[in-house]
Amino acid sequence: MEFSQLRIFQAVAEEASITRAAERLHRVPSNLSTRLKQLEEQLGVELFVRERQRLQLSPAGKVLLDYTARLFALHDEAHAAVQGGQPAGDFVLGTMYSTAAIHLPALLARYHRRYPAVNLQVQSGPSGELLEGLLTGRLDAALVDGPPELAVIDGVLLCEERLVLISEADHPPVRSARDVEGRSVFTFRQGCSYRMRLESWFSHDHAAMGRAMEIESYPGMLACVIAGSGVALMSESMLASLPGRESVAVHPLPEPFASATTWLMWRKGMVGANLNAWIEEQQAVYPSAQSQARAIA
């Protein structure tokens, strides 16, 4: 097996499409098909199950994807080791949308200045998708809603967040989910941890949540709420950064729904020089996070 073959295999597995994987790798689809066929012939197994227009991993493919992630991690570790353990090469970081907007800019700037040899790539998405990316090896680390709950995942605290519900400015005070029962809710797609918190709040108060309107940006959510189309949940720090925030009513949530913590997580045993360097920079920017993490634990 060659690393180039494994890169192709990993891309196709993550995209579930040769065409999309080819676009991602800047290659022609026929080249990817040929390389995949060669890899399957070398291993003597089928790595994918062809279902209509999508490719699903076969049982053997799932096993190889796990080993592929570990091989790439070892490759990067070896690269760093021969360079004296200095951070270098690719480092793929996942992050929630709100974290990317509020907490990431200062960290990114600091990391880029200190480690210019690292090719840092940032991918945003809901917490559920980011955790899946850690498990499959697509991501080296991710900033997600925590603390870690999976035995194979480790992490350190980044920060605490307070979550609030927003509505149009003239909406009466919201004391329970029943006060907004049936109203449309603007949120991210399935897998968003804040969406799951909101659903739990409605369930706890025995109230029916209205239709979930999926919008992939906080400014878009805010605009819809200002127009009186429904309600949305976001962190206080996110709301404070948005133009137009003064045009909505802000409603505090009861515990435990109002408290959230953002953690940097990674797969156990997959810590290399790049991730160690990021952890050091993060703890320098957020020095109080360690004592907060001990209190949460």
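The values are calculated or read from the model by the stated rules, or taken from the named source; none is laboratory data. A quick note: this is a predicted structure, and the numbers were derived from the prediction, not measured. Cβ placement follows ideal geometry from the backbone for every residue including glycine, while neighbour counts extend to all protein chains displayed.
All but one of (1) surrounded by fewer than 18 Cβ atoms within 10 Å (Cβ to Cβ); (2) within 13 Å of the chain's Cα centre (by Cα) hold for Glu129; state the number of the condition that does not hold.
All conditions pass for Glu129, except number (1).
Among the numbered criteria (1) touching a residue at least 60 places away in the same chain (Cβ under 8 Å); (2) buried (at least 18 other Cβ atoms within 10 Å of the Cβ); (3) under 20 Å from Ala21 (Cα atoms), which single criterion is violated by Asp76?
Failed condition: (3).
Within segment 83-117, how many residues are part of a loop (DSSP other than H, G, I, E, B) and out of contact with any Ser or Thr (no Cβ under 8 Å at 6 or more places or on another chain)?
Residues that pass the stated criteria total 9.
Name the residue that is nearest to Arg7 (Cα to Cα), counting only residues in segment 118-168 that are in a helix (DSSP H, G or I) and either of a type outside the set (A, V, I, L, M, F, W, C) or at pLDDT 95 or above (or both).
Thr136
Please find, among Tyr97, Tyr115, the residue that is in contact (Cβ under 8 Å) with a residue 12 or more places away in the chain and out of contact with any Gly (no Cβ under 9 Å at 6 or more places or on another chain). Write out each step before concluding.
On the way: Tyr97 fails: out of contact with any Gly (no Cβ under 9 Å at 6 or more places or on another chain).
None of the other options fit; the residue is Tyr115.
With (1) more than 30 Å from Thr261 (Cα to Cα); (2) part of a strand (DSSP E or B) as the list, and Leu64 as the residue in question, which single condition is left unmet?
(2)
Among the listed residues Gly210, Gly269, identify the single one that is surrounded by fewer than 19 Cβ atoms within 10 Å (Cβ to Cβ) and over 30 Å from Gly89 (Cβ atoms).
Going through Gly210, Gly269 in turn, the sole match is Gly210.
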